[in-house]
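Worksheet: the structure to be examined is printed underneath.
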Amino acid sequence: MHDPIDFDPILYAHLMKKYRESAPHDLADQWLLLETLHVVSQTQFIPHLRVHDLMLHQAWRTRDWAEVSGQILRLLLVPLGHLTGRLPLGNSGRSDISPFKPMPPRRDMAEVVAQAHRTIARAAEIPS
């Protein structure tokens with residue numbers, strides 16, 4: 001099994017805000033943020049479920065029917081994975097990857113997390 005990126009609610013909230021503020025026409029950036037959110041949230045039931053819900057909405061909005069069906073399957077699998085403790089850690093959560101395959105987080109997702117940590121740390125240094 002691969003080590004997950006530890007769940008950090010501040011990191012999750014930062015990435016979620018970044019996703020919500022991203023340009024709707026920049027699909028590559030939006031998917032990268034959603035995939036990163038998936039890896040960050042995998043060990044927490046509600047955040048994990050929420051990310052798959054956002055992925056489903058993104059797929060629906062872009063009329064990517066293969067992704068829509070893949071996300072519906074994943075929404076059904078999330079509770080089972082959490083109940084059994086069998087989560088494919090590091091998996092991007094997209095339909096082009098097996099929902100059962102653990103993997104190390106991709107380099108681009110790790111960079112998004114590293115950049116988010118730097119931004120969060122800088123914000124914490126700024127006196128109010």
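Working from Cα pairs under 8 Å separated by at least six residues, relative contact order for the range 79-128 is 24 percent. Pick from 56, 73, 34 the residue whose mean-square fluctuation is largest in a GNM of the chain, springs joining Cα atoms under 10 Å. Looking only at 56, 73, 34, the biggest GNM fluctuation is shown by 73.
Starting from 0.36 nm per residue, how many nanometres of slack lie between residue 97 and residue 80 once their C-alpha separation is accounted for? Could the numbers behind the result be given before it?
Details: separation 17, 0.36 × 17 = 6.12 nm, distance 1.80 nm.
Extending this stretch completely gives an extra 4.3 nm.
Of the trypsin sites (Lys or Arg not before Pro) found in the range 5-89, those in coil by DSSP whose Cβ has at most 10 other Cβ atoms within 10 Å are 63.
Stokes-Einstein diffusion for the chain, with the hydrodynamic radius set to the Kirkwood value over Cα pairs and evaluated at 20 °C in a medium of 1.002 mPa s, equals 144 µm²/s. With respect to the chain, whose longest principal axis is taken over its alpha-carbon atoms, helix 65-84 is tilted by about 80°. Segment residue 7..residue 73, full-extension length gain: 21.4 nm, with 0.36 nm per residue of separation and the alpha-carbon distance subtracted.
Extending 7 Å from the Cα toward the beta-carbon at both residue 64 and residue 46 defines two label points whose distance is 2.7 nm.
None of the figures in this text is laboratory data; all of them are computed from the coordinates on show. Quantities reported herein were computed from a predicted structural model and do not represent experimental measurements. FYI the Cβ positions are ideal-geometry reconstructions off the backbone, even for glycines, and counts take in every protein chain you see.
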